[in-house]
1. Please check: in the Gaussian network model of the chain (C-alpha springs, under 10 Å), which one of Thr19, Thr44, Thr54 has the largest mean-square fluctuation.
2. Picking from Val16, Gln5, His33, whose Cα lies most toward the positive end of the charge dipole for the chain (charges on Cβ: Lys, Arg +1; Asp, Glu -1)?
3. Considering the values [x] 4.7; [y] 5.0; [z] 4.1, which represents mean projected area of the Cα convex hull in nm² as calculated for the structure under consideration?
4. Only Lys, Arg, Asp and Glu count, each charged at its Cβ (+1, +1, -1, -1), so figure out the dipole size of the range 4-65 about its Cα centre, rounded to 20 debye.
5. Just the number, please: carbon plus sulfur as a percent of the accessible area of the chain, 1.4 Å probe, no ligands or DNA/RNA counted.
6. If I fit a long axis through the Cα atoms of helix 38-64 and take the longest principal axis of the Cα atoms of the chain, what angle between them do I get, 0 to 90°, rounded to 10?
7. Using a 1.4 angstrom probe, figure out how much accessible area the chain has per residue, in square angstrom, rounded to the nearest whole.
8. For Lys65, which lysines qualify as cross-link partners when the Cα separation must be under 16 Å and same-chain residues fewer than eight apart are set aside?
Amino acid sequence: MLCKQLMFKALTVSVVVGTILLIINQYDALFGHSELRVLPAVLTYCVPFIVFITGKISGDKEKRK
């Protein structure tokens, strides 16, 4: 089970990295006249969260070996 501290770190990484990626990928929608694509925007925040959690769990398994 994931602890609260791990979830907080994952959310923090997700917000920081996701915001940077959102600005890069949807700059015209945020600061121009294009339409914001909602699903890709949501996934932009989900991917760093999942990668962080997966990496942490994988690293912990390697330490136990």
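1. Comparing Thr19, Thr44, Thr54 in a Gaussian network model of the chain, the most mobile one is Thr54.
2. Positive-most Cα among the choices belongs to Gln5.
3. Correct label, based on the coordinates given: [y].
4. Working: 8 positive and 4 negative charges, 120 e Å.
Roughly 580 debye for the range 4-65.
5. Details: 3630 of 5260 Å².
Carbon and sulfur together cover 69 percent of it.
6. With rounding to tens, the tilt is 20 degrees.
7. Working: 5260 Å² over 65 residues.
Roughly 81 Å² per residue, with all protein chains present.
8. Lys56
The values are calculated or read from the model by the stated rules, or taken from the named source; none is laboratory data. Only a predicted model underlies this, so the values are computations on that prediction, with no experimental measurement involved. Backbone-built Cβ (ideal geometry, glycine too); neighbour counts: all protein chains shown. Accessible surface is based on the protein model in full, side chains and every heavy atom, while ligands, DNA and RNA are left aside. Shrake-Rupley method; radii C 1.70, N 1.55, O 1.52, S 1.80 Å.
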